[in-house]
Amino acid sequence: MEQRYKLQLEQMLAQAEVSPELIQGLLQRLETFVEPFARSLDQPEQRRHAAEYITGLLSKLPRKSTEAIAYLHDQQRQGLQNFVGQVPWDHKPLIATLADQVGQDLGEPDGVIVFDPSAFLKKGTKSVGVIRQWCGRFGKVENCQVGVFMAYVSRKEHALVNARLYLPKEWAKDRARREEAGVPKEVKFRTRHQQALEMLDESGKALPHSWVAGDDEMGRPSGFRGKLRTRGERYLLAVPSNTLVRDLDIPPPAYSGRGRHPMSPFMRMDRWKSALPEDAWTRIEVRDGEKGPLIVEVAKRRVQARTETGGTGPEELLFVTREGQADGKFKHDYYLSNAKPGVSLNELARVSKAAHRVEECFRRAKSEAGLAEYQVRNWCGWHHHVTLALMAAWFLTQEARRGKNPDCGVDGATVGAVVGRSDRGTPSGKHPVGAVPSKHTLVASQRASQALSPPFT
């Protein structure tokens, strides 16, 4: 190995270590973290189960099922299974607490709220909402459940803050399946965009923001963009490349002197992009990436887009980014926004890249907080599990920030003060940093009697 690579490796290994002091008091911080969420649960047993379940989601269990988590705590599985899948406690107050904490800790005036559907592959047809439908993760139709998620992104960090299970029309109108899966009578069919708007109304005020963003599934319907406009929200939403737009910044065809004055024709975005001169693109450094500065080339125009019914929408900004790929080709992304024409290219580029951070949120929640590792089949079970998993992921986010900035006071009221004791089972010396649970050596080898003490009993 060349000397320069040896030096780089040594630097990486040095950064991938955490001192024992950062691990001290971890379990006490977890107890303190759960307290404000647990207050909304009626029974002491429910509060204890919530803490136990989150502890299990944060553990190194190879399979974070309810049964495995119960056995981790030396318990019979029925109590925890009933808590997650049967007991009808309301998850919405916990979601409200989560949004409040994320807004307080990560909030910035120009923060970005991001909506993104995420699919969970399933076998069979019994689990609530399961049907063959589009699975963005695999880029094809699969047998799966789909959740619509709301994330918050700022320069400080990013976190998932809310979620809805999408109930397809086939499920919404099938009374027998609804009853078997415990879907409440008041739950009606909602499009994914209607669910996003409901979450925005529910949690948006707690999250300081000046932008709403989402992928091309969210940006495609002109009606969704219109609903955001009526709410006074500024959006930058990805749209498909075949979206038809009329460029308002180019001169229209010459007037013949008869009839209506002609207007520029509608054109697919990808074809419009291909006709741009090379000097129409501006190079922008968005932020530092893992492999160096993230450079994109961007362009914007005032346009009108076709609606789904063939009408003409209001004036919007078309924003296009292109990034060079390893094969020498460019990857293009297309966005529509209701921002004022004078908004800077740097700001539009920042928001477009902030929207991509939701994928990091999913990776953390699914790989480290058990978001996708559930076996519940009914409506309340899905929302209970997802709520607790989002809480677990938020705790990991807090711990990761604390590890990066041990003296900056990020603990605050959410995580609590570091107590002066070492958690049992934590080896001495420095610990390798991989995913956050490995970094902080969570309590996989410990039982509930060790991991959690009052006030959860």
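Some values worked out for this structure:
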read-out: Which numbered condition Phe330 misses (of (1) open to solvent by 60 Å² or more (accessible area, probe 1.4 Å); (2) hydrophobic (A, V, I, L, M, F, W, C); (3) touching a helix residue (DSSP H, G or I) at 6+ places or on another chain (Cβ under 7 Å)); value: (3)
read-out: Identity of the residue in region 64-74, charged (D, E, K, R) and open to solvent by 40 Å² or more (accessible area, probe 1.4 Å), that ends up nearest to the chain's Cα centre (by Cα); value: Glu67
read-out: Residue tally, condition under 25 Å from His332 (Cβ atoms) and buried (at least 18 other Cβ atoms within 10 Å of the Cβ), over region 220-233; value: 5
read-out: Residue among Gly124, Gly129 that alone is touching a residue at least 40 places away in the same chain (Cβ under 8 Å), of a type outside the set (Lys, Arg) and either open to solvent by 40 Å² or more (accessible area, probe 1.4 Å) or outside any helix (DSSP H, G or I) (or both); value: Gly129
read-out: Residue within region 366-376 that is closer than 14 Å to Lys300 by Cβ, open to solvent by 10 Å² or more (accessible area, probe 1.4 Å), in contact (Cβ under 8 Å) with a residue 12 or more places away in the chain and in a helix (DSSP H, G or I) present; value: no
read-out: Which numbered condition Glu217 misses (of (1) closer than 27 Å to Gly381 by Cα; (2) of a type outside the set (Gly, Ala, Ser); (3) open to solvent by 20 Å² or more (accessible area, probe 1.4 Å); (4) in a loop (DSSP other than H, G, I, E, B)); value: (4)
read-out: Condition met for Val212 (free of Cβ contacts under 8 Å to residues at least 60 places away in the same chain, β-branched (Val, Ile, Thr), under 16 Å from Val114 (Cα atoms) and assigned to a strand (DSSP E or B)); value: no
read-out: Within region 132-156, considering residues that are under 19 Å from the mean Cα position of the chain (by Cα) and over 22 Å from Gly204 (Cβ atoms), the one surrounded by the fewest Cβ atoms within 10 Å (Cβ to Cβ); value: Gly139
read-out: Members of region 157-187 found to be part of a loop (DSSP other than H, G, I, E, B), out of contact with any Gly (no Cβ under 6 Å at 6 or more places or on another chain) and open to solvent by less than 10 Å² (accessible area, probe 1.4 Å), listed by number; value: Pro168
read-out: Check on Ala181, more than 19 Å from Thr66 (Cβ to Cβ) and in contact with a helix residue (DSSP H, G or I) (Cβ under 8 Å, 6 or more places away or on another chain); value: no
read-out: Looking only at region 261-275, and only at residues there that are assigned to a loop (DSSP other than H, G, I, E, B) and at pLDDT 80 or above, the one that is nearest to Asp216 (Cα to Cα); value: Phe266
read-out: Residue count, region 24-63 (criterion: of a type in the set (Lys, Arg), open to solvent by 10 Å² or more (accessible area, probe 1.4 Å) and either closer than 19 Å to Gln101 by Cβ or touching a helix residue (DSSP H, G or I) at 6+ places or on another chain (Cβ under 7 Å) (or both)); value: 3
read-out: Matching residues in region 188-209 - criterion: being part of a helix (DSSP H, G or I) and among the charged types (D, E, K, R); value: Arg192, Glu198, Asp201, Glu202, Lys205
read-out: Some residue of region 238-246 being modelled with pLDDT of 95 or more and closer than 28 Å to Glu157 by Cβ; value: yes
read-out: Within region 109-121, tally of residues that are over 26 Å from Val183 (Cβ atoms) and open to solvent by 30 Å² or more (accessible area, probe 1.4 Å); value: 2
read-out: Within region 292-312, tally of residues that are without any contact (Cβ under 8 Å) to a residue 40 or more places away in the chain, open to solvent by 30 Å² or more (accessible area, probe 1.4 Å) and outside any strand (DSSP E or B); value: 2
read-out: Selection from region 241-260 of residues that are open to solvent by less than 60 Å² (accessible area, probe 1.4 Å) and either of a type in the set (Phe, Trp, Tyr) or not in a loop (DSSP other than H, G, I, E, B) (or both); value: Val245, Arg246, Asp247
read-out: Failed item, numbered, when Leu294 is tested on (1) closer than 19 Å to Val114 by Cα; (2) at pLDDT below 95; value: (1)
read-out: Members of region 276-291 found to be modelled with pLDDT under 80 and open to solvent by 50 Å² or more (accessible area, probe 1.4 Å), listed by number; value: Arg287, Asp288, Glu290, Lys291
read-out: Residue that is of a type in the set (Gly, Ala, Ser) and either modelled with pLDDT of 90 or more or over 26 Å from Leu294 (Cα atoms) (or both), where the choices are Gly324, Gly416; value: Gly416
read-out: Qualifying residue in region 2-23 (condition: at pLDDT 75 or above and either in a helix (DSSP H, G or I) or out of contact with any Leu (no Cβ under 6 Å at 6 or more places or on another chain) (or both)); value: no
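The values are calculated or read from the model by the stated rules, or taken from the named source; none is laboratory data. Because the structure is a prediction, the values reported are computed rather than measured. Don't worry about glycine lacking a Cβ; one is built from the backbone with ideal geometry, like all the others, and counts go over all protein chains shown. These area figures cover heavy atoms from the full protein model, side chains too; ligands, DNA and RNA do not enter into them. Shrake-Rupley method; radii C 1.70, N 1.55, O 1.52, S 1.80 Å.
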